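The values are calculated or read from the model by the stated rules, or taken from the named source; none is laboratory data. Fair warning: this is a prediction, and the values are worked out from it, not measured in the lab. Cβ: placed from backbone, ideal geometry, glycine included. Neighbour counts: every protein chain shown. Please note that ligands, DNA and RNA were not included when accessible areas were found on the heavy atoms of the full protein model with its side chains. Shrake-Rupley method; radii C 1.70, N 1.55, O 1.52, S 1.80 Å.
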Amino acid sequence: MPPSKRLQFKTPAKINLGLQINKKREDGFHELETLFQMVAWFDDIELEETQEKVELFCDTPGIPNDETNLVVKAARLLQNHFPDKCGGVKIKLKKNIPSGAGLGGGSGNAAGVLLALNHLWNLKIPREELISMASELGSDVPFFLMSPCAIGTGRGEILQPIENPINFYILMIYPGFPISTPWVYGNLKLKLTKAENNISILTNFLTRSEFAQLGAALYNDLEPVVFKRYPEVLKIKDELLNSGAGGALLSGSGSTVFGIFDDAEIAKKALARFTGEKYRVFLAKSVTRFSEFFPEEMISAF
Ligand code: C5P
């Protein structure tokens with residue numbers, strides 16, 4: 001028997017440099033505009049082709065190993081769409097990115113598994129179709145197959161890739177507890193009047209490499225809901241700004257707050273200030289290309 005095929009890869013975290021919520025939709029989701037950026041904080045995944053079963057091994061406490069995990073859902077999605085072409089798979093997942101943190105860790109895992117199984121099972125699903133299937137798994141999943149930086153509209157799944165010329169430092173502070181995304185959206189009070197085109201303004205600063213203006217323009221409409229219920233998260237944001245960050249913001253629906261820095265020394269000093277037992281802290285750069293975490297064989301047809 002030939003040796004079973006294996007693939008090893010990493011999947012990144014994301015932050016939202018801007019998040020504007022426009023309205024609640026009939027289907028319960030919110031119409032939004034966001035500027036996504038991938039960050040070089042990674043989970044590790046290993047896949048091994050098997051006969052027919054989908055098995056997940058993850059020894060991180062609090063992460064389910066069953067059908068509720070997004071990586072299992074990703075494998076099932078492919079099996080349901082292409083029952084004659086899919087085999088089985090053994091998935092080993094090592095979590096480094098905290099969950100319920102607004103960093104898209106689980107969404108990135110699911111996107112990586114879709115792409116890897118497309119290769120491992122020789123499905124030859126075209127990129128556009130795979131991205132469209134990814135949206136069935138969650139609003140943030142398609143982004144992880146699109147480009148390292150992108151504008152998201154709709155519920156976050158309609159994407160426009162953006163060239164990000166600034167490779168800045170991102171200091172992420174996870175306060176030690178998760179926050180439920182449905183809870184945050186459920187408690188959001190939408191303002192009737194909105195500033196126009198916040199995301200375009202933010203994107204212009206980014207593409208023109210105007211770091212100071214970018215930092216000042218970061219914004220997230222979900223912050224008031226989270227800061228009211230979790231004042232400690234606001235304290236972290238204030239402390240990041242006092243530590244020399246060019247800007248600081250809640251990522252997605254939280255609970256992580258990030259600060260952006262263009263100076264490595266200032267970023268390292270800020271990291272030291274937050275390091276201790278209370279928080280999980282991580283300093284990383286923005287991701288600039290898929291080859292930083294996906295092996296060539298996985299992305300060659302992409
Ligand atoms: O798509 P995803 O599974 O990540 O969404 C999780 C929850 O977040 C949804 O059930 C919904 O409560 C909320 N959400 C929303 N509008 C979005 C994205 C997420 O209301 N655009």
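Within region 60-76, the set of residues being touching a residue at least 24 places away in the same chain (Cβ under 8 Å) and open to solvent by 20 Å² or more (accessible area, probe 1.4 Å) comprises THR60, GLY62, ILE63, LEU70, LYS73.
Within region 254-269, being farther than 21 Å from ASN164 by Cβ and open to solvent by less than 10 Å² (accessible area, probe 1.4 Å) holds for GLY254, SER255. Screening GLY259 against (1) touching a Phe, Trp or Tyr at 6+ places or on another chain (Cβ under 7 Å); (2) in a strand (DSSP E or B) leaves a single unmet condition, (1).
Just one residue in the set LEU145, LEU171, LEU159 is of a type outside the set (Gly, Ala, Ser), assigned to a strand (DSSP E or B) and within 16 Å of the ligand (Cβ to nearest atom); that residue is LEU159. Contact annotation: no residue pair with Cβ atoms under 6 Å, 6 or more positions apart or on different chains, pairs a residue in region 258-275 that is free of Cβ contacts under 8 Å to residues at least 40 places away in the same chain with a partner that is small (Gly, Ala, Ser) and assigned to a helix (DSSP H, G or I).
When residues in region 178-193 are screened for being out of contact with any Asp or Glu (no Cβ under 8 Å at 6 or more places or on another chain), part of a loop (DSSP other than H, G, I, E, B) and open to solvent by less than 50 Å² (accessible area, probe 1.4 Å), 1 of them pass. Checking ILE170, ILE166, ILE131 one by one, the residue that is in contact (Cβ under 8 Å) with a residue 24 or more places away in the chain and surrounded by 22 or more Cβ atoms within 10 Å (Cβ to Cβ) is ILE170 and no other. Identify, please: which residue in region 144-163 is out of contact with any helix residue (DSSP H, G or I) (no Cβ under 9 Å at 6 or more places or on another chain) and touching a residue at least 24 places away in the same chain (Cβ under 8 Å) and is, among those, most open to solvent (accessible area, probe 1.4 Å)? The selected residue is ARG155.
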